[in-house]
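Asker: Would you mind keeping the following structure in view while I ask a few things?
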Amino acid sequence: MSQRPTITIPDAGILAAPRTRRDILKLLAVGGTLMFLPAALSGCSDDNSVTPPSEPQPNSGSPLAIDFAKGDIAILQFAYALEQLEAEFYQRCVAAPGLIDAADRTIFTHISGHETVHVTALQSLIRVKGATPIAKPAFDFTAKGNLPGFNFGAGQYETFKVLAMAFEDTGVRA
């Protein structure tokens, strides 16, 4: 007869009576892990049946729709669209004469290159997963109605930095 494995918790007394901040943090870590582990494991599934979104297509006049119920591919497509937005923004800004201060031009040229690498990496990953990357959306940074626009011109360096930070924050949060 095989012997059942045993789980030993070192210093199990900590669970009964936490005395220090470290003991409380250990208790929270163990409890949190035990509570969320089953949910995390049940959320794992095979996404082999996922197909890329077929409608609406970018540049068709319809809003771009990415169905997140379709799993990992949809999440990668969303990240890919965000990276395309960032890459195009930085490419236009670096190319715009007089927009970026000379002292910072090298930094933003470097960031622009990184965004292009991110686009290429996500595009490759989507293909490796067996899907077709979404077409590049048409990004329009000009003013619309009451919404302010950005014309990539000289004198807009402070606005450029605010927009760059907003794009970076959006990408990280997404």
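What follows draws every value from the coordinates through simple rules; no lab data is involved. Note that this is a predicted model, so its numbers are computed, not measured. Here Cβ is always computed from backbone atoms with ideal geometry, including for glycine, and neighbour counts include all displayed protein chains.
Asker: Can you list, bin by bin at 5 Å, the percent of alpha carbon pairs in region 68-173, starting at 0?
Answerer: Taking every Cα pair in region 68-173, the percentages come to 2, 12, 20, 22, 18, 12, 8, 4, 1, 0.
Asker: Here is a further query. Can you work out the FRET efficiency for the pair Arg92 and Ala135, with r the C-beta to C-beta distance and R0 = 25 Å, to the nearest 0.05?
Answerer: 0.85
Asker: Note down the nm distance, to one decimal, between modelled labels 7 Å out along Cα→Cβ at Arg173 and at Thr142.
Answerer: 2.9
Asker: Within 13 Å, Cβ to Cβ, of Val117, how many net charges do the neighbouring residues add up to if Lys/Arg are +1 and Asp/Glu are -1?
Answerer: Taking every Cβ under 13 Å from that of Val117, the sum is -3.
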